[in-house]
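A quick write-up on the structure given underneath.
The values are calculated or read from the model by the stated rules, or taken from the named source; none is laboratory data. All of these numbers come straight from a predicted model, not from anything done at the bench. All Cβ positions, even for glycine, are placed from backbone atoms using ideal geometry, and neighbour counts span all protein chains on display. All accessible areas refer to the heavy atoms of the entire protein, side chains included, with ligands and DNA or RNA removed. Shrake-Rupley method; radii C 1.70, N 1.55, O 1.52, S 1.80 Å.
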Amino acid sequence: MDQKQISEIEALAHRVMDLQEDRLFVYKRFMMHGDKQLTRIIRLSMFGVVVLLVAMILLVGTFTTRMDTITLRMGEMSRDMSGMTADFVQVTERMTSLEIAVSRMNQHVAEVPSIFRSVDGMGGNMSVMRADLVKVGGHMNEIQRKLVDMAKNLRDMDQKFIALTGTVGGIGVDVNDMSRPLSILPGQ
């Protein structure tokens, strides 16, 4: 063993002796004050336990309330995402319809049996394309609206988390304040 380990062992032994002296002092004090003091300490301890139990129940209630709100917001976001998915599917369908219209237009131009028939076919395809583009525009507006709604829901969730953090911090301070009387108990 080197000198450092010996000094650590000596320090530990001194600490054990100090703790033993503290315990003897507390034991003597309890013996001097008798049963009345012990009864008072037990009542104070029970009061402290009840206060801590109430604080824990309030903490669980706060978490449950906030989690319900967060879950509700997540459900709204899920519905918005489902609506956006449906809009994307419809946009894809419109784009496919546009491709078909362009293909038909190419067929009309390539065949050119008569100039009037080709112009008629192109006009019809242009009308279909125009209608499809209007529908695509409508779906893009709906997607934009849903993105705005989702951003609002995210801001609301952020505010709820900020409020939850403040509430939890406040409960932590209250629990610390309520547990101070328990610090006079032996072994604390």
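Please tell me if Leu38 is part of a helix (DSSP H, G or I) and either more than 30 Å from Gly172 (Cα to Cα) or at pLDDT below 80 (or both). When the stated conditions are applied, Leu38 passes them.
A Cβ distance below 6 Å, combined with a sequence gap of six or more or placement on separate chains, defines the contacts here; from the stretch 145-162, residues that are within 13 Å of Thr69 (Cα to Cα) reach residues that are of a type in the set (Asp, Glu) and surrounded by 12 or more Cβ atoms within 10 Å (Cβ to Cβ) in the pairs Asn153/Glu76. Scanning the stretch 123-148 for residues that are open to solvent by less than 50 Å² (accessible area, probe 1.4 Å) and in contact with a helix residue (DSSP H, G or I) (Cβ under 6 Å, 6 or more places away or on another chain) gives Asn125, Met129, Asp132, Val136, His139, Ile143, Lys146.
Filtering the stretch 69-82 for residues that are crowded, with 16+ Cβ neighbours inside 10 Å, over 30 Å from Ile171 (Cβ atoms) and not hydroxyl-bearing (Ser, Thr, Tyr) leaves a non-empty set. Scanning for something out of contact with any helix residue (DSSP H, G or I) (no Cβ under 6 Å at 6 or more places or on another chain), modelled with pLDDT of 80 or more, among the hydroxyl-bearing types (Ser, Thr, Tyr) and surrounded by 10 or more Cβ atoms within 10 Å (Cβ to Cβ), does the stretch 7-16 turn up at least one residue? For the stretch 7-16, residues out of contact with any helix residue (DSSP H, G or I) (no Cβ under 6 Å at 6 or more places or on another chain), modelled with pLDDT of 80 or more, among the hydroxyl-bearing types (Ser, Thr, Tyr) and surrounded by 10 or more Cβ atoms within 10 Å (Cβ to Cβ): present. Within the stretch 5-34, no residue that is at positive phi sits with its Cβ atom under 8 Å from a residue that is open to solvent by 80 Å² or more (accessible area, probe 1.4 Å) and at pLDDT below 75 at 6+ positions apart or across chains. Hey, does the stretch 164-183 have a residue that's over 30 Å from Thr64 (Cβ atoms) and at pLDDT below 75? Yes; the residues of the stretch 164-183 include at least one that is over 30 Å from Thr64 (Cβ atoms) and at pLDDT below 75. The set of residues from the stretch 61-96 being basic (Lys, Arg) and under 15 Å from Arg145 (Cβ atoms) comprises just one member, Arg79.
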